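Here is the structure we will look at.
Quick note: the coordinates plus some simple rules give every number you see, no bench work behind them. Just so you know, these numbers come straight off a predicted model, no measurement behind them. No Cβ is skipped: glycine too gets one built from the backbone with ideal geometry, and neighbour counts run over all protein chains shown.
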Amino acid sequence: MKKVEVSVILEGTDRQGIWQNAGALVAALMAPSEIELDGFSHSFHMALANATQAELSLQRFHKATLELIGYEHGPEASRSYEVSGYSSISFLNGGTMEAPAILEITPRIGRASVTVSGIVRDRMTLEDRPLTVSRLTQGRKVIVDGEKGLVTEEGGEGEAPANKFGDVSLWGFPSLLPGWNWVNVDQGGLLVTVRHKPRYL
């Protein structure tokens, strides 16, 4: 997590208007938000930790100092592979720290199960912890979302995604370490996609 201090100028037609604008800004930042800062090509996913306000001109503007806590990330990266048999496939995390990943598995044919290794590990030892998805239905994408902590399966025509947690055996959620990651898939007939937003210290 990073701590970032940002100064902003709050304007309004009168003192009350300035305070109302300040309140609206603080309210918008209470929940985690995507923020872009001048001079940075990366984005920041942050929430407000503290705010102070100084009255520089009672009738014209105030200066607010915002303390934000969160993380820095680059744009989402995605890579897909058509898997025809047991495969070891590579995914690059160009960031400088571990990043949550979203694993998508689309069966081209029905499958009893598929086991994927190299994308989940023990948080303390970094030992690989394979995950297994059971009861795969042809054409229905299974999404193991390491950002939101969800496991879903796409519904049919006009159906909402279904909770798939009961058909997945996993130690934790997918993530990619900095650099190249090698992910092993034990079955073919699948489209495997990994998406992530690289994170930076």
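Observations on the model:
- Highest mean packing first, where packing is the average number of other Cβ atoms within 10 Å per residue, the peptides 26-35, 83-92 line up as 83-92, 26-35.
- Hits among lysines - C-alpha to C-alpha of Lys3 under 30 Å, sequence gap 8 or more where chains match: Lys63, Lys148, Lys197
- Binning the C-alpha pair distances of the chain at 5 Å intervals from 0 yields a P(r) profile of 1, 7, 13, 15, 14, 11, 9, 8, 7, 6, 4, 3, 1, 1, 0 %, listed from the shortest bin outward.
- Taking the fewest neighbouring Cβ atoms within 10 Å as the starting point, the ordered list for Thr52, Thr106 is Thr52, Thr106.
- Along the chain, counting only trypsin sites (Lys or Arg not before Pro) with a DSSP assignment other than H, G, I, E or B and at most 12 other Cβ atoms inside a 10 Å radius, the longest segment between sites is 1-122.
- Against the main long axis of the alpha-carbon atoms of the chain, helix 15-29 sits at an angle near 20°.
- Exposure proxy order (Cβ contacts within 10 Å, fewest to most) of Ile9, Ile143, Ile18: Ile9, Ile143, Ile18
- Tail beyond 15 Å, pair distance distribution of region 115-173 (Cα, percent): 51 percent
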